[in-house]
Amino acid sequence: MSKKLMKCLLSAAVLACCSAAAYAEDIEVLHYWTSGGESKAIAVLKQTIEKQGYTWKDSAVAGGGGANAMTVLKTRVVSGTPPAAVQMRGPVVQDWAAQDALAPIDAVAGDWAKVLPPPINAVLQYQGHYYSAPHWIGRANWMWINKAALDKAGGKPPTTWDEFFAVADKMKAAGYTAIAHGETPYENGYLFQDIVYSMGTDFFRKAFLEKDQATLTSPKMVQVFDILRRMQGYFDNGTQGRAWNMSVAMLIQDKAGMFFMGDWAKGEFAVSSKVPGKDYVCTQPPGGAAQFAFIADTFVFFRQHGQPATKAQLDMAADIMSPAYQMVASNYKGAIPAITTVSLDGFDSCSQQSVANLKAAAASGDLFPSMNQGVDEARLGAIMEVVSKFMSSTQDSKSAVQALANASRAN
């Protein structure tokens, strides 16, 4: 979001708030956790808040990977009625904080720096103050495999793209849709990202975090689009508009072989009582074994009538960072706790693997914010538009690369 637009939104909000009625100590929560595993996770927080005597006003907005919810948020800010708590991630947190729209939550963040991984701790702050509370650490770069389909394709998860397409061919021959996918900007984006990560951590950083034009227009980027195009030959005919959780369902129902999505996909397997290692396999996408592309799912707290954080907001932030909440909620969501001191007893093998991978990636320099975490809202939207246009047309890879570079330069 542009700074100019944000200032306009906030000016409108200040005017509207001047005539607002007295604020009640309820807490309205704007979020986009609406799938099976996500719903169970957010229900834990709701129960925790309500036990403290607050009334939870749920404002769930499905779809778009959060884009729809952010559209609703802007409308609410214009009307002068921003929700008290909003699910948010990425640079937009700092953008809103810079405009003094968010209430600092330093009062409950005393020891957070001691129990959070440094890269996660950093994205919660603006100018040394905490503005968001992390529920868990999500990992964007996962590949999910139907165990039955994999057994029919040789039983070994692919670690290179050549191996991947060999496995896909075998799954297709066995009657499966080799790659489950929904052609929405959200799913297209995650598929694209996983291919980008496979080209190396430095490649991703230079291209998407630093906007280096030489990297954006390099032969490697052409290769990314070539792989993406080849993948489309393994989709079924029902991809248009399919939600990501419906793509997961294709694996659960033994209709598809592989799916690319973050660890929230595991929550869908768990809701369906599927067991890792028995019913499905969690592994890194080809070429990405050393990497951990993180997403810090957080809540921020909008000032109510220009005031500091209310007691309800501070209590909610403290609840989110409690070990008890993080242990239960991250398990439902499919993620891992943000707090490093939380016990992992009872977490499944995928979560145990994720924690080990995070530690190894932090040591090797391969821990980095995913594209959805590290790229600002406007540029991310422009990138997804380029990718989706490519996937819905016969555009060649070289012209798509040029369009990507142009979009990155303009945003």
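The values are calculated or read from the model by the stated rules, or taken from the named source; none is laboratory data. No experiment lies behind these values; they were computed from the predicted model shown. No Cβ is skipped: glycine too gets one built from the backbone with ideal geometry, and neighbour counts run over all protein chains shown.
Report yes if some residue within segment 209-217 is in a strand (DSSP E or B), surrounded by fewer than 19 Cβ atoms within 10 Å (Cβ to Cβ) and in the same structural domain as Ala148 (by TED's automatic domain parsing); otherwise report no. Spell out how you get there, then give the answer.
Here is the first cut: in segment 209-217, the residues in a strand (DSSP E or B) are none.
The answer is no; no qualifying residue exists.
Identify all residues within segment 84-116 that are under 21 Å from Val355 (Cβ atoms) and crowded, with 18+ Cβ neighbours inside 10 Å; write none if there are none. Don't jump to the end; show me each part of the working.
Residues of segment 84-116 under 21 Å from Val355 (Cβ atoms): 89, 111-116.
Across segment 84-116, the qualifying residues are Arg89, Trp112, Leu116.
What is the one condition in (1) at pLDDT 95 or above; (2) surrounded by 16 or more Cβ atoms within 10 Å (Cβ to Cβ) that Gly277 does not satisfy?
With respect to (1) at pLDDT 95 or above; (2) surrounded by 16 or more Cβ atoms within 10 Å (Cβ to Cβ), Gly277 is out only on (2).
Mind checking which helices (runs of 4 or more DSSP H) fall wholly inside segment 66-174 and carry at least 2 residues that are more than 18 Å from the chain's Cα centre (by Cα) and touching a residue at least 40 places away in the same chain (Cβ under 8 Å)?
Values: elements: 67-78, 92-98, 112-115, 118-123, 147-152, 161-173.
In segment 66-174, 67-78, 92-98, 112-115, 147-152, 161-173 are the helices (runs of 4 or more DSSP H) which contain 2 or more residues that are more than 18 Å from the chain's Cα centre (by Cα) and touching a residue at least 40 places away in the same chain (Cβ under 8 Å).
Regarding segment 229-238, can at least one residue be identified that is in a helix (DSSP H, G or I), at pLDDT 95 or above, surrounded by fewer than 23 Cβ atoms within 10 Å (Cβ to Cβ) and of a type in the set (A, V, I, L, M, F, W, C)? Even if it seems obvious, please write down each step before you answer.
Kept after step one, since they are in a helix (DSSP H, G or I), are these residues of segment 229-238: 229-234.
From the residues that got through so far, the ones that are at pLDDT 95 or above too are 229-234.
Next, only the ones that are surrounded by fewer than 23 Cβ atoms within 10 Å (Cβ to Cβ) stay: 229-234.
Okay, now just the ones that are also of a type in the set (A, V, I, L, M, F, W, C), so 231.
Yes, that holds for at least one residue.
Limited to segment 49-78, what total is found for residues that are in contact with a Ser or Thr (Cβ under 9 Å, 6 or more places away or on another chain), surrounded by 21 or more Cβ atoms within 10 Å (Cβ to Cβ) and of a type outside the set (A, V, I, L, M, F, W, C)?
Result for segment 49-78: 0.
Looking at Lys220, Lys206, can you tell me which residue is assigned to a helix (DSSP H, G or I), touching an Asp or Glu at 6+ places or on another chain (Cβ under 8 Å) and assigned by TED's automatic domain parsing to the domain that holds Ala178? Break it down into steps so the answer makes sense when it comes.
Values: Lys220 fails: touching an Asp or Glu at 6+ places or on another chain (Cβ under 8 Å).
Answer to the check: Lys206.
Would you be able to say whether some residue in segment 178-197 is in a strand (DSSP E or B), aromatic (Phe, Trp, Tyr) and within 29 Å of Leu251 (Cβ to Cβ)? Walk me through how you get there before you give the answer.
We begin by selecting, within segment 178-197, every residue in a strand (DSSP E or B); these are 178-179, 183.
Subsequent filtering for residues that are aromatic (Phe, Trp, Tyr) retains none.
No, segment 178-197 has no match at all.
Keeping to segment 223-238, report how many residues are within 17 Å of Val386 (Cα to Cα) and either of a type in the set (Asp, Glu) or not assigned by TED's automatic domain parsing to the domain that holds Phe164 (or both).
Here the count works out to 1.
Please enumerate the residues belonging to segment 161-185 that are surrounded by fewer than 22 Cβ atoms within 10 Å (Cβ to Cβ) and of a type in the set (Val, Ile, Thr).
Within segment 161-185, Thr184 is the sole residue that qualifies.
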